[in-house]
Each structure stands twice: as structure tokens, then as C-alpha cells.
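The block underneath contains the structure these notes are about, expressed in C-alpha cells.
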Amino acid sequence: MNCQAAGPRTGVVLAAGLGSRLAGARPGFRLKPLTPVAGMPLLLRTLRSVALAGCRDVVIVVGYHGEEVEAAVRQYYDGPLQVHIAYNPHYALQNGLSVLAARPYVAAEPFLVMMADHVVGDELMTLVRAHVPPAQGATLLVDYRVDQIFDLADATKVRVENGWIVDIGKQLTNYNAIDTGVFVCSFALMDALEAVYRERGDASLSDGVRRLAQMRRMAALDIGNGFWQDVDTPEMLAYAEAQLLARAGQPVTLHSS
């Protein structure tokens with residue numbers, strides 16, 4: 001029987017990467033987590049989402065120019081979350097190591113994992129707030145609207161069968177959903193990532209998902225018509241901003257650079 005409580009109490013936000021593809025997209029903003037989208041920095045948008053998911057604490061994993069990112073959070077974040085900063089010295093490697101860097105700060109499961117560079121609608125956080133992941137497993141929120149994905153080539157593809165993830169990867173050719181970058185997890189995901197890291201010296205989140213999927217412990221949660229957008233490039237940034245402004249009923253006036 002799964003005895004986990006519904007909804008996470010701690011959010012883990014991955015903000016350690018180089019973010020080189022977005023560099024210079026906004027004049028004066030060289031660090032990806034601090035780049036504004038529709039007037040609000042990406043990282044602060046993510047912290048708002050974490051709070052909406054019902055979390056009380058957040059672990060922000062920093063790496064590249066981590067002190068600068070931390071200083072900005074301390075200066076500008078005034079929300080309800082208790083903020084903890086974890087440092088990932090291996091930020092040039094894959095993002096699974098950032099999840100592992102957060103482990104000392106996560107006291108209980110389930111916990112939420114999000115990307116600092118993903119913009120997500122409040123409706124996804126409503127799903128997270130009520131969700132219980134599989135015992136000794138995890139859940140990935142997925143988007144089945146494959147034909148509506150902006151920059152599908154860059155997206156992480158997922159194959160789902162009867163509600164369970166069976167494979168994941170950017171290069172999948174047989175897939176029916178897309179990874180939104182939002183996870184509700186037990187510690188089993190961290191255990192899987194640690195196992196991969198011991199074997200290979202590196203580990204991506206997708207590696208951990210794939211390992212749990214092999215044991216039928218990786219569930220998929222359909223976001224329906226929910227909104228999300230990865231922000232990796234200037235083009236994605238412009239698209240995300242246009243979508244946010246349209247959803248807010250505001251005139252869409254995009255930056256030219």
C-alpha cells in the first residue's frame with residue numbers, strides 16, 4: 001500500500017547549468033535563471049510555482065555563477081517558501097547531479113523537482129498538489145499534444161504505455177508524449193541517479209527515469225490542456241513570453257533581442 005501523503009512539501013529547483021544558448025537574449029541579463037520573461041525572472045516564476053504546489057521549502061541547486069544567483073534570490077524573493085541553497089560543483093555535467101546535490105536538504109517524500117528554465121501554468125501545480133507518486137517510484141508530468149510542441153526537435157520525448165513510462169530521451173523515434181520537466185518523486189529517483197552516477201561518472205534525470213521505468217515504477221501524469229514551455233533559446237523565450245501575455249489578456253509586444 002502506498003502510504004505517502006498527497007502533494008510534495010519540498011521543491012527542488014535545478015538552476016546550476018551554463019545556460020549558454022540563452023546568453024544575451026535580454027540585454028543586461030547574462031545568467032539564465034535571472035532572465036526575465038514577461039517581466040519576471042525565470043527563477044522567481046519557478047519559485048512561485050513551487051509554492052503553488054503546496055511546498056513549504058525549496059532547495060535551489062546552483063552551480064555556474066552560483067553566488068550571483070543566490071544573492072539575487074536573497075535580495076528579490078519575498079514569497080512564503082523557506083529557501084535553501086545547494087551547490088553542485090559538477091554543474092558542467094548532466095542535470096541528475098544537481099538532483100543528487102539537493103539530497104541532504106530533502107527530509108521527506110514525496111518531493112517536487114522542477115527546472116529553473118521552465119515556465120509552467122498554475123494548472124500543473126494544482127495537479128502536483130494532489131498527486132501521490134508510485135511507492136518507491138516517481139511521476140513525470142507529460143504532454144500528449146506532441147503536434148503542438150514548440151521546437152519538437154529539442155524536446156525530451158517519452159513513450160507511455162497504460163500510464164507507465166517505458167522509455168525517455170531526446171532521440172526517441174517511437175514516442176507519444178513530451179517531458180514537461182516537472183516531477184513528483186520518492187527517494188527512489190535519487191537512488192536510481194546515484195546508481196547511474198556510480199556506473200558512468202555522470203547521470204541525467206532521464207537516466208534516472210529510464211532506470212525506474214525498467215522496474216515499472218515511473219508513472220506519467222497527463223497535463224491535459226495545461227501550459228508549459230521550456231526556455232532554452234531566444235526563440236523559446238519569445239514564444240513563452242507571447243504565450244504568457246496572451247494568457248493574461250495583455251497585448252503582446254516582444255523584445256527584438
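Using a ≥ b ≥ c from the Cα gyration tensor of the stretch 104-257 (square roots of the eigenvalues), is it rounded, prolate or oblate, where a/c under 1.5 gives rounded and otherwise the larger of a/b and b/c decides, a/b for prolate?
Details: a/c = 1.79, a/b = 1.65, b/c = 1.08.
Prolate.
Cβ neighbours within 10 Å, averaged per peptide: list 119-132, 33-46 in order, most packed at the top.
Working: 119-132: 18.9, 33-46: 21.4.
Highest mean packing first, the order is 33-46, 119-132.
Please state, to two decimals, what the Cα-based radius of gyration of the chain comes to when divided by 2.2 N^0.38 Å (N = residues).
Working: Rg = 17.0 Å, N = 257, 2.2 N^0.38 = 18.1 Å.
Cα-based Rg divided by the globular estimate yields 0.94.
Going 7 Å from the Cα of MET40 along its beta-carbon direction, which residues of the stretch 48-82 have the amide nitrogen within less than 18 Å of the resulting point?
Residues passing the 18 Å test: 48-60, 72-82.
Running a GNM on the chain with Cα contacts under 10 Å, which residue among SER206, SER186, SER20 ends up with the highest mean-square fluctuation?
Result: SER20 has the largest fluctuation of those listed.
Find how many whole Å separate the alpha carbon centroid of the stretch 17-33 from the alpha carbon centroid of the stretch 35-58.
About 18 Å separates the Cα centre of the stretch 35-58 from the one of the stretch 17-33.
Note down the nm distance, to one decimal, between modelled labels 7 Å out along Cα→Cβ at ASP151 and at ARG129.
3.0
What whole-number distance in Å separates the alpha-carbon centres of the stretch 173-203 and the stretch 98-152?
With the stretch 173-203 and the stretch 98-152 each reduced to a Cα centre, they are spaced 12 Å.
Give me the extension gain from THR233 to ALA6: residue separation times 0.36 nm, minus the current Cα-Cα distance, reported in nm with one decimal. Mind showing how you got there, number by number?
Details: separation 227, 0.36 × 227 = 81.72 nm, distance 3.47 nm.
Roughly 78.3 nm would be gained on extension.
Please state the shape class of the stretch 1-115: rounded when a/c is under 1.5, otherwise prolate if a/b exceeds b/c and oblate if not, all from the C-alpha gyration tensor.
Since a/c reaches 1.5 and a/b is larger than b/c, the shape of the stretch 1-115 is classed as prolate.
So what's the projected area for the stretch 66-160, the Cα convex hull averaged over all directions, in nm²?
That works out to 8.5 nm².
For the residue pair ASN176 and TYR144, what label-to-label distance in nm results when each label sits 7 Å from Cα along the Cα-to-beta-carbon direction?
For the pair ASN176/TYR144, the computed spacing is 0.8 nm.
Beta carbons within 10 angstrom, averaged per residue: use that to sort the peptides 76-88, 139-151, highest first. Don't jump to the answer; show the numbers that get you there.
On the way: 76-88: 15.1, 139-151: 17.2.
Going by the mean number of other Cβ atoms within 10 Å, highest first, we get 139-151, 76-88.
Counting DSSP beta bridges in the chain, what percent are antiparallel, to the nearest 5? Present the calculation step by step, with values, prior to reporting the outcome.
On the way: 23 of 45 bridges.
Of those bridges, close to 50 percent are antiparallel.
If R0 is 22 Å, what FRET efficiency do you get for ALA71 and ALA92 from their C-beta distance, rounded to 0.05? Mind dumping the intermediate values first?
Values: r = 21 Å, r/R0 = 0.97.
Using R0 = 22 Å, I get an efficiency of 0.55.
Keeping the other protein chains in place, figure out the carbon and sulfur percent of the accessible area of the stretch 42-128, with a 1.4 Å probe. Don't skip to the answer; put the middle values down first.
On the way: 1790 of 3630 Å².
Heavy-atom surface of the stretch 42-128 belonging to carbon and sulfur, 1.4 Å probe: 49 percent.
The values are calculated or read from the model by the stated rules, or taken from the named source; none is laboratory data. Note that the coordinates shown come from a computational prediction; the quantities given were computed from them, not determined experimentally. Cβ: placed from backbone, ideal geometry, glycine included. Neighbour counts: every protein chain shown. Just so you know, the surface numbers come from the protein's heavy atoms only, side chains and all, with ligands and any DNA or RNA stripped out. Shrake-Rupley method; radii C 1.70, N 1.55, O 1.52, S 1.80 Å.
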